[in-house]
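Read the figures in this text as sums done on the coordinates, not as results from a lab. Everything numeric in this text was worked out from a predicted model, so none of it was measured. Reconstructed Cβ throughout: ideal geometry from the backbone, glycine too, with neighbour counts over all protein chains shown.
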Amino acid sequence: MPEPPNVPQFVEDFALALSQLGFPRMPARVFSLALAAPEESLTAREIADRLGVSAAAVSGAVRYLGTLNLIRRFRTPGERVDRFGLGDEVWEPVFAAEIAAYGPLSDMCEQALQDGQLVGPGRDRVAETRDFLQFMTGEMSELVRRWHAERAKR
């Protein structure tokens with residue numbers, strides 16, 4: 001299926017914006033393409049062809065995106081190649097992974113504070129970090145809940 005003429009420009013613009021936020025460039029381009037593509041999923045070859053990059057670049061990018069839960073790999077019955085798509089929930093898995101990551105970090109801070117390993121300003125910064133992570137965990141969980149409620153209205 002040919003892409004509408006504005007899709008390649010959106011892909012590059014969105015990828016650049018993600019890169020400016022610290023996202024690696026090639027995964028940003030692959031994610032942006034998957035986000036804007038008119039198809040539900042693409043093969044690695046289709047991604048490489050549309051972005052004008054090597055299969056190796058796509059392989060590294062989808063591996064990276066997979067670790068962030070931003071892309072999923074699957075096979076369609078009867079096909080012999082992997083396909084890559086975003087699924088129904090694009091952003092929620094990212095937030096869920098981030099929320100899950102905050103717990104162990106918060107626990108490490110708490111343990112260091114309880115063990116008396118830290119003193120002075122370092123102790124204060126670690127306590128602030130623990131408090132921030134705990135706050136963000138609760139707030140992000142609430143935001144996801146609210147998003148589900150908002151999405152259900154549509």
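Distance between the pseudo-spin-label points of L118 and D131 (7 Å out from Cα toward the beta carbon): 1.2 nm. For q values of 0.10, 0.19 Å⁻¹, compute log₁₀ I(q)/I(0) with the Debye formula on a Cα-only model of region 7-85, without solvent. Cα-only, vacuum Debye calculation for region 7-85: -0.20, -0.73. A cut-off under 12 angstrom between Cβ atoms defines the neighbours of M108, and their net charge, with Lys, Arg +1 and Asp, Glu -1, is -2. Here the chain is described by how far its Cα atoms reach on the three principal axes: 60, 39, 32 Å, from widest to narrowest. Taking the longest Cα principal axis of the chain as reference, the axis of helix 7-20 is set at about 20 degrees.
What the phi angles of region 35-49 give under the Karplus curve with 6.51, -1.76 and 1.60, with θ = phi - 60°, is a coupling list of 5, 9, 4, x, 8, 6, 8, 9, 7, 4, 5, 4, 4, 4, 5 Hz, glycine and proline written as x.
Highest mean packing first, where packing is the average number of other Cβ atoms within 10 Å per residue, the peptides 131-140, 39-48 line up as 39-48, 131-140.
Net charge dipole, the chain: roughly 400 debye, given to the nearest 20, about the Cα centre with Cβ charges of +1 for Lys and Arg and -1 for Asp and Glu.
Highest mean first, the peptides 81-87, 56-62 sorted by other C-beta atoms within 10 Å per residue fall in the order 56-62, 81-87.
Projecting the Cα atoms of V94, F132, L65 onto the charge dipole of the chain, computed from C-beta unit charges around the Cα centre, puts L65 farthest toward the positive end. With the convex hull of its Cα atoms as the shape, region 92-153 has an orientation-averaged projected area of 4.2 nm². Residues of region 129-154 with an amide N closer than 20 Å to a point placed 7 Å from the Cα of A101 along the Cα-to-Cβ direction: 129-145. Taking Lys and Arg as +1 and Asp and Glu as -1, the other residues whose beta-carbon sits under 14 Å from that of F84 total +2.
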